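To start, the structure itself, in structure tokens.
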Amino acid sequence: MGETEEKDNHGDEVEKKEKKEKNEDESGKEAKEKKKKKDKDGKEKEGNEEGGKEKKKKNPEDKKDPVILKQKLEKLDVKMQALVAKREEILKLLNEIETNSSEVS
């Protein structure tokens, strides 16, 4: 008797998994369709319904504006400083590992 119950339970689990996979496939297709929108020209563009960042349109005058260029430079400097700090940290870890491995050998 116990064997038939186990087979039935296994069959139910398989059916549940198949239904779940089917539902996920359908919901995935619907989500992709919702993301794509058509703008006024009839071109498709990706929607940002899920809180994604929208790209700013580039203004060619920004390349001539000294205030904006200075802001860009400052932003790059901050990023470069962060990268230098990460680089130093990685080098420190690497040196520690190398010294430890040479001591063990």
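Other residues whose C-beta falls under 15 angstrom from the C-beta of Val104 contribute a net charge of -3, scoring Lys and Arg +1 and Asp and Glu -1. Quick one, what does Rg over Rh come out to for the range 59-105 if you take C-alpha atoms and the Kirkwood Rh? Result for the range 59-105 is an Rg/Rh of 1.45.
Bear in mind that the values in this text are calculations on the coordinates, not laboratory data. Predicted model only: the values in this text are computed from it and were never measured. In this analysis, Cβ positions are derived from the backbone assuming ideal geometry, glycine residues included, and neighbour counts consider all displayed protein chains.
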